[in-house]
Amino acid sequence: MLKKFHREIEYCTYCPKLCRFSCPVGNATGNETYTPWGRQSLLHLVGEGAIPWGREVAASVYRCTTCMLCREYCDHELEIPPVMLAARAKAVKDKMQPQEAVEFKGFFAEQHNPMGDDLSARLHSLLPKSLFNPDAQVVYFPGCVMIYNYPQTIKNTFRLFEALDVNYVACYDADVPCCGVPLHDHGYEDEFKANAEKLSQKLAKAKAVVCGCPSCAWALKTMLPGVGVKITDRIYHLTEFLAPLVAEGKLPIRRPYPKRLIYHDPCYLGRYLGVYDQPRNLLNEVCREPLVEFSWNRNKSYCCGGGGGIPVSNPVLAREIAAQRLTEANEGEKKSVVTACPSCMRAFQKADESLEVLDIVDVLVRCI
Ligand code: SF4
Ligand code: SF4
């Protein structure tokens, strides 16, 4: 299972840790074992038979947010998350996964989502019946975190569609609400595939899917085809869908957004999907004040700590990573954080309850 990553594992083991400073987990823990070099070296030693493949090594591969920031500092452009995820799948097969992963799988199975709640009921109580249409060709897929934590952002999304005269987008009916990323993050590949197959049946009629969450967009675009599950290839994150419409002047902007905002690039929207300009263009259309940038921005954006299953397996670590990211946002003049991912929002709000954190959609709605 890990043989196909021989090159990656070997390169890291003999590397002078060029990406050491970029790893949010290594930085937050101050522990070399939890850097790309540390985790890969452990896998190398296992491969050489120098140490056993046991729970300790398995636990280390679960300590990666999958943020992909290390790739940006690697001369070989190595991608560490696929190695970590393959090692997690091996841990599951060998029953070496951490107890938190075992419990998560059971929890997910109860409602077929990571929230442990009936998300279909939540969505139906939130939106009018007219916004659901099983035959729609363009579907808005909010994602579990958005449905559970940010229902107002979903309402705001449909308010924007209305203001833009977009009447052809229906809301996805959430009885298979999850894209499956949390299962995959915890090493449950078979369960991910089963979820993907159910999801593809639900989306069989869709010619395009617009996602509220970058991880969902990445999953539908690449991970489902990766396990042989067919789905439309027209998958967009909401900012990609909205940006051209707003640029054409279709959004009736009545008042500019008055507060200072700092934009956080979500890892999956930026490094994974390559979407950097559209969120900024949307915000620049409506903000009175110039948008503030983190010094680590775009492809170098620092992780919020909300990915890779870390909030489940190690919530204290997740909060520490988010707090490190927010240090800069809290410096100097007061500003709110704006982003385009519900998992980033949740991670930031858990780290600093006093901070205002917004989705781009919430900013746009306040201007119409
Ligand atoms: S990811 Fe690249 S820079 Fe980082 S330890 Fe591995 S080889 Fe070195
Ligand atoms: S993907 Fe992110 S968390 Fe994982 S090893 Fe690389 S920098 Fe660290």
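Every read-out reported here was derived from the displayed coordinates using simple, explicitly stated rules and does not represent laboratory data. Not measured: the values here are computed from a predicted model. Every residue, glycine as well, gets a Cβ built from its backbone with ideal geometry; the counts of neighbours run over all protein chains shown.
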task: Multiply the residue gap between ARG234 and GLN349 by 0.36 nm, knock off their C-alpha separation, and tell me the result in nm, one decimal place.
output: 38.2 nm
field: Fluctuation leader among SER41, SER125, SER215 - the chain, Gaussian network, Cα springs under 10 angstrom
entry: SER125
statement: Sparse-neighbourhood loop hits (trypsin sites (Lys or Arg not before Pro), segment 127-233; DSSP loop; Cβ within 10 Å at most 13 others) -> LYS205, LYS207, LYS230
- request: Taking Cβ-Cβ under 4.7 Å as the only way to count a partner, pick out the unpartnered cysteines of the chain.
  value: CYS12, CYS15, CYS23, CYS64, CYS74, CYS144, CYS171, CYS178, CYS287, CYS367
- request: Could you tell me, in Å, what Rg and Dmax come out for the Cα atoms of segment 307-349?
  value: 11.1, 35
- request: Please build a GNM for the chain, connecting alpha carbons under 10 Å apart, and tell me which residue among TYR272, TYR14, TYR172 fluctuates the most.
  value: TYR14
query: Under a point-charge model restricted to the Cβ atoms of Lys and Arg (+1) and Asp and Glu (-1), what is the dipole moment magnitude of the chain relative to its Cα centre, in debye to the nearest 20?
result: 300
message: I need the Kirkwood Rh of the chain: take the reciprocal of the average 1/r across all distinct C-alpha pairs and report it in angstrom.
response: 21.1
- line: Over the Cα atoms of segment 3-97 the radius of gyration and the largest Cα-Cα distance (Dmax), both in Å, equal 12.1, 35
Gyration tensor over alpha-carbon atoms, segment 144-208, equivalent ellipsoid semi-axes in Å: 27, 16, 8
- request: Would you mind calculating the relative contact order of the chain from Cα pairs under 8 angstrom and at least 6 residues apart, reporting the percent as a whole number?
  value: 17
statement: Fewest-first ordering of MET345, MET96 by Cβ atoms within 10 Å yields MET96, MET345
message: Quick check of the Kirkwood formula: for segment 1-56, what is the inverse mean of 1/r over all pairs of different Cα atoms, in Å?
response: 11.7
query: Among HIS237, HIS264, HIS6, which comes first, then next, by fewest other beta-carbon atoms within 10 Å?
result: HIS6, HIS237, HIS264
message: Quick check on the chain: helices-only [θ] at 222 nm, where DSSP H runs of length 4 and up contribute -39,500 (n - 2.57) each and the sum goes over total residues. Nearest 500, please.
response: -12500 deg cm²/dmol
Residue of ASP277, ASP175, ASP75 that the Gaussian network model of the chain assigns the largest fluctuation, springs spanning Cα pairs under 10 Å: ASP75
field: segment 251-365: C-alpha pair distances exceeding 23 Å, %
entry: 25
- request: Could you work out the per residue convex hull volume over the alpha carbons of segment 111-242, in cubic angstrom?
  value: 92
message: About the Cα centre, and with charges only on the beta carbon of Lys, Arg (+1) and Asp, Glu (-1), how big is the dipole of segment 111-242? Nearest 20 debye, please.
response: 300
